[in-house]
Amino acid sequence: MGAVPVILRRPKEPEQMQPTRHPDRFVDRHIGPDSRDVEEMLAALGVRNLDELIDRTVPASIRMQKPLDLPAGRSEFGLLRELSEIAAKNQVFRSYIGMGYSDTVTPPVIQRNILENPGWYTQYTPYQPEISQGRLEALLNYQTMVEDLTALPVANASLLDEATAAAEAMTMFHNVAAKAGNAFFVAQNCHPQTIEVVRMRAAPFGIEVIVGDPASFDPARQKVFGALLQYPATDGAVRDPRKFIERAHAQGALVVVAADIIALTLLTPPGELGADCAVGSTQRFGVPLGYGGPHAAYFATKNEYVRHMPGRIIGVSVDAQGHTALRMALQTREQHIRREKATSNICTAQALLAIISGMYAVYHGPNGVALDETTTPEDVRDVLAAFAGARPVSEPTADDTRLPRSLLRKSGYLGHPVFNTHHSETEMLRYMRLLESRDLSLTRSMIPLGSCTMKLNATAEM
């Protein structure tokens with residue numbers, strides 16, 4: 001056999017920049033092909049220019065007949081300055097609206113080394129475990145945190161937000177308990193956005209959504225296959241759901257509890273109340289409010305429903321050498337294998353924000369998580385004074401919880417060593433760097449499998 005020919009390419013010569021064109025345009029910094037790359041690809045396709053390529057691939061009937069009415073492109077610096085000017089028009093006030101959203105503190109060590117780190121913020125779904133062990137461990141921490149706090153045996157990592165997680169629970173129940181009926185009950189004291197999303201998701205399935213008072217609702221008369229309760233309620237009230245759950249189970253219906261994950265450090269968890277599923281937001285674990293999202297949602301359930309649950313599930317396995325290794329489990333449920341028959345779209349399963357919430361639990365541990373961290377004693381006094389008017393108010397104390405004794409949590413949580421080891425900034429930094437070193441990201445190489453994972457998010461975008 002003859003020698004294999006080696007094809008060498010000349011290094012690209014720098015393109016001549018137009019005198020009036022700003023050298024710091026976003027498109028030049030971040031969009032891969034330059035003019036020579038484009039010419040080479042067009043030649044391989046047998047077309048003369050991009051217009052001809054579009055003419056031959058995009059039907060004229062769906063093409064716009066006029067150009068987009070957009071201003072001229074900006075440089076990165078110019079765009080950031082303009083966006084800062086727009087943001088400065090916002091008037092930021094102290095928020096007490098609740099409804100599943102609470103301000104929180106993102107620990108600087110997590111903000112700098114996870115949220116703002118390109119070694120973490122682009123890749124999301126760990127399709128290839130051999131290059132994703134760091135990300136997989138971070139997501140496994142998140143799952144463990146959710147399982148501990150909800151007292152349910154299996155959790156995913158993760159979903160889009162609390163409202164869509166509740167809708168996913170409804171469809172899961174519909175798949176496994178449809179014989180009980182075709183109606184789904186939603187407690188009227190659920191968050192309003194959750195009620196609306198559940199209604200919207202139910203419509204194409206032909207599911208009847210009944211919104212009412214759990215105290216007076218009779219699951220037997222309405223023939224429901226499932227029910228959604230809020231714990232605590234959207235108005236902050238804490239009610240014992242056990243009697244309702246017993247009545248629902250007696251009729252073959254399943255119950256999902258949408259729970260405030262921070263409140264579960266104080267309250268009896270859904271699994272111990274008898275719930276079949278628990279959903280909620282992990283925004284309170286170090287994720288900024290962000291004008292309403294996105295925030296990673298949790299979804300936990302019983303083992304018998306694991307093949308019907310949505311989202312990625314991280315499992316512990318062994319590699320070819322017999323060493324402990326992590327990988328995504330039960331992948332046949334997901335759209336990269338089952339396509340349109342999948343239980344959910346895994347691309348909406350927040351990975352970066354789930355990792356942040358999991359790291360928040362690692363950093364703080366079981367004794368460090370707290371209610372709205374940005375609330376000060378002065379804030380509490382202001383709220384009490386607003387409701388009391390001219391009447392005097394007493395100073396609140398940390399022991400003044402006013403929670404029902406029957407609902408106080410007795411079981412432990414976050415007992416794994418990972419949640420009880422990395423509590424100094426140095427220890428936390430080293431742990432996150434260790435996990436990052438076990439991952440292949442776009443800071444080192446092109447990721448061979450994925451879609452959005454192959455495109456590095458620009459620093460200016462972050």
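Read the figures in this text as sums done on the coordinates, not as results from a lab. Quantities reported herein were computed from a predicted structural model and do not represent experimental measurements. Reconstructed Cβ throughout: ideal geometry from the backbone, glycine too, with neighbour counts over all protein chains shown.
In loop segments of region 166-235 as defined by DSSP, the trypsin sites (Lys or Arg not before Pro) with at most 15 further C-beta atoms inside 10 Å of their C-beta are LYS223.
Summing Cβ point charges (Lys, Arg +1; Asp, Glu -1) relative to the Cα centre of region 112-361 gives a dipole of roughly 520 debye. Subtracting the Cα-Cα distance of LYS66 and ARG438 from their residue separation scaled by 0.36 nm leaves 129.0 nm. Each Lys and Arg adds +1 at its Cβ and each Asp and Glu adds -1 at its Cβ; summed about the Cα centre, region 67-120 shows a dipole of about 160 debye.
The amide H of LEU326, built 1.01 Å from its N in the peptide plane, has SER317 as neighbours under 5 Å, considering only residues 5 or more places off or on other chains. In terms of other Cβ atoms within 10 Å, SER102, SER75, SER445 run from fewest to most in the order SER445, SER75, SER102.
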